[in-house]
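Remarks on the structure that follows.
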Amino acid sequence: MTSAKPVGFAIVGTGHIARVHAAAIAAVSGAKLRAVFSRNAATANAIGRDIGVETADSLEAILCRPDVDVVCITTPSGTHQEFAVRSLAAGKHVLCEKPLEISTARIDAMIAAAERVNRILAVVFQMRFGSGAQALKRAMDSRRFGRLALCSAYLKWWRDESYYSSSKWKGTLELDGGGALMNQGIHAVDLLQWLVGLPTQVSAQVRTRTHSIEAEDTVSAVLEYADGAIGVVEAATSCFKGMPLRIEIAGDRGFAVLENDRITQWNFADSQPDDASIRDPDASVFVGGSSNPAAIGIEGHRLIIADLKHAILSGRPPAVSGRDARNAVALIEAIYRSAHSGTSVTVGDCTVTEPTRVQL
C-alpha cells in the first residue's frame, strides 16, 4: 500500500524530548507534524511557536483531527497509559516514549486497548536501530558466540542535582516509576534482553547515593539465565562525568562489546568477511546522553518514525511494538522487587515477545 498523503503526527507533551520528536518527524519524508499539546499551555505555546506548528488547546482537539494519524506521547512516564488509551480509542496509532509505562499492569492495559481497535502501539527504543546493535543482534541470531557465559549491561551516567530539582516528576515513584534504572537504564536493559532474552532470576541492590530524590540513582543486579549463563546490570545517574552505555556478551566462541553504538571488541573463533568493517572505529554512532540529556541526537528517533510510517502504510508491525517493549519493564520490576525484598526473585511472566500484526 502506498499513499501520497503524508502520515500526520501530533505530539502530546512538550518537554525536551518533544523537540527531538518534532525534529525527527521533519526529517522523515512522508511524515508531517500537525499539532502539539500539553496541559501546560505556556510550554505548548513556546514549542509550537519555535517549530512553527499549531498548538491544540486540548487532547480532544487533536484526537478529532482527521489529518492526525499518530499521537507521539512524550509526557511523564506514569501518565503514558492515560494518553495512549484515549488516543487509541479515537482510532489513532501511538508512538510512546520509553518506558511504555511504569508497570507491566499498565502496559497490559495499553496493549489491550491497541488490540481492541486494531491500531499500532509503538515504543521509542531507538538504540536497537544502531548499526553496532544490529551487528550484535545478527551475531547472536547466528549463534556466533557459542555457549553463552556472561551477558551484561552497564549504564553509568551522570545527572546533576538540577536535572531532578527542575522537574516535578523525575526521580519520583508516582510518575517516573523509579530512578536511574527505569528512566535511563532501561535503554541498556532493553538492548540486553533484545539480544539474549530475559533472565529467569535476579538478585539486586539499589541505593540513592548523590541526589535528593525519592527513587534510586544507583543499581546493581546479578542475572541468571535458563541455560546457565549469568550477567550483571548496573545503572546509575551518580557517576561523574558519565560513561558510554555498554553491552558485553561473551561465550566460548566469541566476545563482543558495544559502547553506545560503537563496537569496541569483536572477537570470534570463526571469522566472517564483514568482521573488519564491523570493527571500524569510524562507523557511525548515535550521540549518547551519558552526562547531558540534551546532547541526545535525533537519528534514532528519525529511524523509529520512518519505521512507524512504513508500518502504517504497509500493514506490518512496527520494529518495537508494545508487547516487545513490555519485556524491559518486566525485568526492571523484578530487579526492584529483589532489591526491596532482599531476596532473589523470578522475572515476571513475559512470554509474548512477537509484535502484534496489524492489518489496515
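The values are calculated or read from the model by the stated rules, or taken from the named source; none is laboratory data. Being a predicted model, the structure only gives us computed values, none of them experimental. Positions of Cβ are backbone-derived with ideal geometry, glycine not excepted, and every protein chain shown enters the neighbour counts.
At a glance:
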{"item": "Tabulated pairs, region 92-113, first in contact (Cβ under 8 Å) with a residue 12 or more places away in the chain, second buried (at least 20 other Cβ atoms within 10 Å of the Cβ) and among the aromatic types (Phe, Trp, Tyr), C-beta under 7 angstrom, 6+ apart or interchain", "result": "LYS98/PHE125"}
{"item": "Any hit, region 302-313, residues being part of a loop (DSSP other than H, G, I, E, B), touching a His at 6+ places or on another chain (Cβ under 8 Å) and closer than 29 Å to GLY348 by Cα", "result": "no"}
{"item": "Residue in region 210-220 that is more than 28 Å from SER321 (Cα to Cα), of a type in the set (A, V, I, L, M, F, W, C) and either crowded, with 17+ Cβ neighbours inside 10 Å or assigned by TED's automatic domain parsing to the domain that holds PHE83 (or both) present", "result": "yes"}
{"item": "Inter-residue pairs, beta-carbon under 7 Å, first more than 19 Å from VAL7 (Cβ to Cβ) and in region 52-68, second surrounded by 12 or more Cβ atoms within 10 Å (Cβ to Cβ) and basic (Lys, Arg), 6+ apart", "result": "LEU59/ARG86"}
{"item": "Criterion: out of contact with any Gly (no Cβ under 9 Å at 6 or more places or on another chain), farther than 30 Å from SER277 by Cβ and outside the structural domain of PRO244 (by TED's automatic domain parsing) - qualifying residue of ALA109, ALA114", "result": "ALA109"}
{"item": "ARG119, sole failed condition from (1) assigned to a helix (DSSP H, G or I); (2) of a type in the set (D, E, K, R); (3) outside the structural domain of GLY251 (by TED's automatic domain parsing)", "result": "(1)"}
{"item": "Residue selected from region 257-279 under the condition assigned to a loop (DSSP other than H, G, I, E, B) and under 15 Å from ARG138 (Cβ atoms), by the criterion modelled with the lowest pLDDT", "result": "ARG279"}
{"item": "Enumeration of residues in region 210-260 that are of a type in the set (Ser, Thr, Tyr), over 16 Å from TYR336 (Cα atoms) and in contact with a strand residue (DSSP E or B) (Cβ under 8 Å, 6 or more places away or on another chain)", "result": "THR210, TYR225, THR237, SER238"}
{"item": "Selection status of ALA311, among the small types (Gly, Ala, Ser), under 18 Å from PHE9 (Cα atoms) and touching a Pro at 6+ places or on another chain (Cβ under 9 Å)", "result": "yes"}
{"item": "Selection within region 141-161 - among the hydrophobic types (A, V, I, L, M, F, W, C) and within 17 Å of ARG209 (Cα to Cα)", "result": "LEU155, TRP157, TRP158"}
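Rundown of residues vs (1) in contact with a Cys (Cβ under 8 Å, 6 or more places away or on another chain); (2) more than 18 Å from ILE247 (Cβ to Cβ), yes/no style:
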residue: LYS156; (1), (2): yes, no
residue: SER165; (1), (2): no, yes
residue: LEU192; (1), (2): yes, no
residue: VAL196; (1), (2): yes, no
residue: SER203; (1), (2): no, yes
residue: VAL232; (1), (2): no, no
